[in-house]
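This report concerns only the one structure given below.
The values are calculated or read from the model by the stated rules, or taken from the named source; none is laboratory data. What you see is a predicted model, and the numbers here were worked out from it, not measured in a lab. Because the Cβ atoms are built from the backbone with ideal geometry, glycine has one as well, and the counts that use them run over all protein chains shown. Ligands, DNA and RNA are stripped out before the accessible areas are found, and what is left, the full protein with its side chains, is counted by its heavy atoms. Shrake-Rupley method; radii C 1.70, N 1.55, O 1.52, S 1.80 Å.
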Amino acid sequence: MKAWLERRWYAPLPPPLPLRPLAALYGALAAARARRLRAAAVRVAVPVIVVGNISVGGTGKTPFTIWLVERLREWGWRPGVVSRGYGGHAPHYPQRVAPDGDPRLSGDEPLLIAQRCGCPVVVDPDRVAAARALLADGTVDIIVSDDGLQHYRLGRDLEICLVDGRRGLGNGALLPAGPLREPAARLAGIDLLVVNGDGWQAAGALRMQLRAGALRRLVDGERRALADFRGAAVHAVAGIGDPSRFFASLVAAGLRLREHPFADHHAFTATDLAFGDDRPVIMTEKDAVKCRAFADARLWAAPVDAQLDEVATARVRQCIERLRAAQARRNDG
């Protein structure tokens, strides 16, 4: 049912008529919730940047968050990341995420961020509690809230929204008639709009591209260029919001695929990857963090990096510098 709905949301068709009353109800409840939480929003002692989206499914938030943390370091900040930890079930919260941690506790995306960035990462369904835990030891002076756009209880200084360029906002309707968590009009209040890939257009939007890096074998860290697999028959595995984007990138690199799509945040087991042959198995980096415990020589992770051009990067930095100036005024006051 979910797969059918997603195809319907992004098809060139109007929203399903029977679901429109439910979408209206969802919109009213979501708006009331947002007003209530905004009125009681909690501010913390450092600037908070929220990265998120208004649609369900993958938009490239995690690669962008990694890119942003790396840029913040370059610009003289000491960033940390908070996340809900979707897919993880920690025995207690807040939960600090170690690079060698267990994805069953933290969720896959926070663990990937901790591994790639080496920055402090804390997960907690209560983002305010996560932010306070992150600040407890005094090593963080700016917080990035990953996938936190609708978590209004945590006050924010800058909002960045990601939109998938290929799929855009689909039919433009709210859940369950469409893919939107909030109305498209919400974008008018966003500080920075980032479009992942070509296609969908919006005035003032920044354009981001995802670029594949060298493949990394899970068992020993060996790296090989994706071009080394050109013409090879491989298994492609993806448990992300939009597996077709990942599969298309491998096809474009000249690989011959047997595709294995899984649900977003799927908890992989060795049985999931037992395909009855010795062909290479290429998976997203987010999926790979959940397969280390049972990895064998067939398994390769395909990392991707977000790339923004100089103009877009300058726009982001300009916003960050405004945060620095505002923080300095607060400290002086």
Integer Hz, Karplus 6.51/-1.76/1.60 couplings in order for the stretch 81-95, x for Gly and Pro: 10, 10, 8, 5, x, 4, x, x, 9, 6, x, 7, 10, x, 10
P(r) histogram, all alpha-carbon pairs of the stretch 1-104 included - 10 Å bins from 0, percent: 10, 27, 35, 22, 7, 0
Taking all pairs of distinct alpha-carbon atoms in the stretch 251-333, Kirkwood radius in angstrom: 16.8 Å
The chain - share of DSSP beta bridges that are antiparallel (%, nearest 5): 25 percent
Within the accessible area of the chain (1.4 Å probe), percent carbon and sulfur: 55 percent
Whole-number accessible area per residue in Å² for the stretch 176-253, which is evaluated in the context of all protein chains at 1.4 Å: 43 Å²
Estimated inter-spin distance, residue 311 and residue 186, nm [label 7 Å along Cα→Cβ]: 2.8 nm
Candidates per chymotrypsin sites (Phe, Trp or Tyr not before Pro) in the stretch 182-285, loop by DSSP, up to 16 other Cβ within 10 Å: 200, 262, 275
Length gained when the stretch residue 40-residue 86 is fully extended (0.36 nm per residue, less Cα-Cα span): 14.2 nm
For the stretch 46-121, the Rg and Dmax computed from alpha carbons only, in angstrom: 12.5, 36
Derived scalar couplings ³J(HN,Hα) [the stretch 264-270; Karplus, 6.51 cos²θ - 1.76 cosθ + 1.60; whole Hz; x for Gly, Pro]: 4, 6, 4, 8, 6, 10, 4
The stretch 69-206 - share of DSSP beta bridges that are antiparallel (%, nearest 5): 10 percent
Convex hull per residue volume in Å³, alpha carbons only, for the chain: 147 Å³
Rg [Å, one decimal], Dmax [Å, integer] - the stretch 142-186, C-alpha atoms: 12.3, 37
